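All remarks here apply to the structure that follows.
Quick note: the coordinates plus some simple rules give every number you see, no bench work behind them. What you see is a predicted model, and the numbers here were worked out from it, not measured in a lab. Reconstructed Cβ throughout: ideal geometry from the backbone, glycine too, with neighbour counts over all protein chains shown.
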């Protein structure tokens with residue numbers, strides 16, 4: 001757990017909310033099943049079942065506050081072994097891991113071991129160019145693309161993979177640990193992500209989903225951090241309930257830069273004005289969506305283990321059903337033309 005001065009210890013507050021909620025005691029994080037089905041959750045399940053008949057495979061977790069409304073798998077996690085997706089299935093976190101890196105770096109800031117406004121070069125050398133640590137965490141995406149096209153591989157405007165490598169080095173220098181170990185010790189363990197593990201492709205865990213891509217459903221084996229949606233729910237609750245970072249750092253986790261990107265998140269509003277904090281991770285055979293609507297205290301976690309093009313229409317359908325204010329218009333089910341494989 002991060003250490004920070006007593007003067008900065010604060011009562012748990014709703015981290016991301018437009019709906020303030022002071023809590024006298026920490027809420028119990030509910031993980032494994034639906035706590036109390038409600039009509040909207042039943043409607044969401046019915047919609048997801050229809051998507052599954054059209055080829056969707058994956059898992060979904062929906063929660064309001066600390067109350068899980070729906071947690072269920074659809075289709076197969078491993079076709080060859082006929083293993084279904086369920087509440088225990090593990091998916092690759094992909095680029096969502098950047099939120100763990102950001103939290104670890106913000107924890108180091110809380111301990112006084114770095115400053116977000118300091119040039120990253122002070123820790124990792126000239127490869128970081130003139131970028132500050134804050135700029136590496138939340139770059140202004142559009143100007144970055146333009147500058148990168150003009151200046152090529154300038155590390156101050158580097159491509160996301162290079163930025164990620166630089167942030168790992170910042171984390172290593174400031175913590176004195178390899179980046180993977182720092183993330184484990186500073187995020188995964190204290191946040192209680194008990195089923196999140198590193199998979200180098202040889203783990204052999206039967207709970208790890210296989211991804212399916214292309215018109216013939218070629219199999220993709222994942223690498224990197226993998227875990228069930230329940231662990232991402234734990235991660236969300238650790239931030240939401242204020243048990244993980246000091247208040248100032250927790251607010252920085254969702255503070256958008258000029259481009260609307262925070263450290264690991266996209267922070268903005270839907271076309272009809274609903275505030276949303278989200279992250280989309282895409283890799284061959286997999287898509288992962290973390291969508292949090294703070295004004296409704298609504299969390300939607302969606303993992304798909306095929307390239308069937310389901311994330312966007314499912315996200316639109318679920319938000320339309322669950323927000324109940326028309327913030328996102330419902331879209332039609334995925335058509336045969338939209339599906340590119342995995343059915």
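Subtracting the Cα-Cα distance of residue 50 and residue 80 from their residue separation scaled by 0.36 nm leaves 8.5 nm.
Once both labels are positioned 7 Å from their Cα atoms along Cα-to-Cβ, the gap between residue 272 and residue 39 label points is 1.8 nm.
Among 213, 194, which comes first, second and so on when ranked by fewest other beta-carbon atoms within 10 Å?
Sorted ascending by nearby Cβ count, the order is 194, 213.
Between residue 316 and residue 165, what FRET efficiency comes out of the Förster formula 1/(1 + (r/R0)^6) with R0 = 45 Å and r the beta carbon distance, rounded to 0.05? Plugging the Cβ-Cβ distance into 1/(1 + (r/R0)^6) gives 0.85. Taken over the Cα atoms of the range 259-304, the convex hull encloses 87 Å³ per residue.
Averaged over residues, the count of other Cβ atoms within 10 Å places the peptides 265-274, 231-240 in the sequence 231-240, 265-274, highest first. Using a simple spin-label model with pseudo-atoms 7 Å out from Cα toward Cβ, residue 194 and residue 127 lie 3.8 nm apart.
Its alpha carbons give the range 194-245 an Rg and a Dmax of 14.5, 46 Å.
The stretch between residue 216 and residue 247, if pulled fully straight at 0.36 nm per residue, gains 6.3 nm over its current Cα-Cα span. If a paramagnetic tag sat 7 Å from the Cα of residue 177 along the Cα-Cβ line, which residues of the range 71-113 would have the backbone N under 20 Å from that point? Residues 93-94, 96-113 fall inside that zone.
To the nearest 0.05, how large is the calculated FRET efficiency for residue 118 and residue 223 if R₀ is 45 Å and r is the Cβ-Cβ distance? Walk me through the intermediate numbers first.
On the way: r = 32 Å, r/R0 = 0.72.
Step by step, r from the Cβ atoms, then E = 0.90.
Under the 0.36 nm per residue contour assumption, what length would be gained going from the current alpha-carbon distance of residue 67 and residue 185 to full extension? Before the final figure, lay out each step's value.
Numbers: separation 118, 0.36 × 118 = 42.48 nm, distance 2.76 nm.
Full extension of this stretch gives 39.7 nm more.
Give me D for the range 162-237 in µm² s⁻¹, whole number, from Stokes-Einstein with Rh from the Kirkwood sum over alpha-carbon pairs, 4 °C and 1.567 mPa s.
On the way: Rh = 14.3 Å.
In µm²/s, the coefficient is 91.
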